[in-house]
Amino acid sequence: MKTDADKYLNRPIGENEDELLDEIWNSLPEEECEEHILNENYQDVKSRIRRRRNTRRMYWISGSVAAACVFVFLFLLFRPTALQDVPVYAQLDNMGVSVCNEQVQLIVGDSAVSNLGSDAKINVDKHSNVALQSADGKKIMLQEAKVLKIYVPSGKHFNLELTDGTRIVLNADTWFEYPSTFDSQSERRVKINGEGFFEVKSDTTKPFYVEIPNGESIRVLGTCFNVSAYEDNTENVTTLLSGKIAYHVPANNQTVTLSPNEQIRVDKGTNKVKKHEVDAAEYAMWKEGVIYFNNEKLSVLAKKLSRMYGIDIQVSEEHHDSRFSGMIRHERGIDYITRLVAATSNIKCSIENGIIYLK
């Protein structure tokens, strides 16, 4: 059967591969979005991508390289309209996958004070009263000397603005500790266990410090950077988008200065430090609902997806070290992702007792 997509199939695959494959998919009538489309119309596109795999950044390092190159590429580009109409979490429920239902929590001392929505700002009024104002209208009065903690569970993000104007986006499964104000302090010091994107307000009289697991810290005057420092990860990763930061590793008394589009990785087992150039914006895509992965082990990628959706994904030992590169939009949903895994690789997906298994 001929479709409007056929006119795109003769176009060369080159720098505009994203646009080409989007056009192919979007040209298909809804009733034709069946498996035979993948088997017919996409075979030609797949073969041409395969011929250019040495110049393509999105590839699978191990296993069937040609098939997986297409698999990861498909993750980024194909957008079935049927899935766009189904809310992600309703889809997961229909699949029988258990989803984390925890809420973002504000904790003072050892006590949970309140559940929060997705945004909050700390204000100080003319009488020096400190309050946390959430986007849903909730106002929580705070004592100035108190240390506060926010816990963001899996499947959630949280936007926070501190009293100095610093803005932070906290990723899923993240703990963040900070003072209610910095007024009586000579420096601005916060702690994070998880991942966060920082847009630090410049104040030359009060440097800003971010403490992360393994005793490491980041010193900054005013800049934008991303920190990924989950306790159960093997390394801490910090990526600078603008400004300048100094990253300190106490285990070897080493301080590394980062410039824009540089990244530092610290192995938590050996304390070995690696610095290299990257496209820093790619490492902050998660705050826009996009997960970026570059030469990532499947076991690590599964952990990211688990946090992103608030679900449990388990990878068999056989596939732990298979590596992938690409991007996934959150709204595409786990069902779409796992179907592509099954269709384009030797990895099988099953759901048992609310848990997704990749075997």
Going through (1) in contact with a Ser or Thr (Cβ under 9 Å, 6 or more places away or on another chain); (2) closer than 20 Å to G326 by Cβ one by one, L241 fails only at (2)
Test for N236: is it touching a Lys or Arg at 6+ places or on another chain (Cβ under 8 Å) and open to solvent by 10 Å² or more (accessible area, probe 1.4 Å):
no
Scan N233, N271 and give me the residue that is over 23 Å from L301 (Cβ atoms) and of a type in the set (S, T, N, Q).
N271
Consider T344 against the criteria (1) modelled with pLDDT of 95 or more; (2) open to solvent by less than 20 Å² (accessible area, probe 1.4 Å): it satisfies all of them except one. Which criterion is unmet?
(1)
Pick out the one residue from Y247, Y292 that is open to solvent by less than 20 Å² (accessible area, probe 1.4 Å), part of a strand (DSSP E or B) and touching a residue at least 12 places away in the same chain (Cβ under 8 Å).
Y247
Checking A284 against (1) open to solvent by 10 Å² or more (accessible area, probe 1.4 Å); (2) in contact with a Cys (Cβ under 9 Å, 6 or more places away or on another chain); (3) over 22 Å from V97 (Cα atoms), only one condition comes out false. Which one?
(1)
Looking at V113, V124, V88 in this structure, which one is open to solvent by 60 Å² or more (accessible area, probe 1.4 Å) and in contact (Cβ under 8 Å) with a residue 40 or more places away in the chain?
V124
Kindly evaluate T255 against the criterion of being farther than 23 Å from W175 by Cα, surrounded by fewer than 19 Cβ atoms within 10 Å (Cβ to Cβ), touching a His at 6+ places or on another chain (Cβ under 6 Å) and not small (G, A, S).
yes
Would a scan of the stretch 333-353 turn up a residue that is under 11 Å from the mean Cα position of the chain (by Cα) and not in a strand (DSSP E or B)?
no
So which residues in the stretch 314-327 are modelled with pLDDT under 80 and either open to solvent by less than 20 Å² (accessible area, probe 1.4 Å) or in a helix (DSSP H, G or I) (or both), if there are any at all?
F324, S325, G326
Sort out which residues of the stretch 183-203 are in contact with a Lys or Arg (Cβ under 9 Å, 6 or more places away or on another chain) and at pLDDT below 90, and write them in order of number.
Q185
What about E262, is it in contact with an Asp or Glu (Cβ under 7 Å, 6 or more places away or on another chain) and open to solvent by 40 Å² or more (accessible area, probe 1.4 Å)?
no
Within the stretch 163-197, how many residues turn out to be more than 13 Å from I122 (Cα to Cα), in contact with a strand residue (DSSP E or B) (Cβ under 8 Å, 6 or more places away or on another chain) and of a type in the set (S, T, Y)?
1
From S242, S186, grab the single residue that is open to solvent by 10 Å² or more (accessible area, probe 1.4 Å) and closer than 19 Å to T257 by Cα.
S242
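The values are calculated or read from the model by the stated rules, or taken from the named source; none is laboratory data. Because the structure is predicted, anything quoted here is derived from the model rather than measured. Cβ sites come from the backbone with ideal geometry, for glycine too, and all protein chains shown count toward neighbours. Each accessible area value is taken on the protein alone, full model and side chains, heavy atoms only, with ligands, DNA and RNA left out. Shrake-Rupley method; radii C 1.70, N 1.55, O 1.52, S 1.80 Å.
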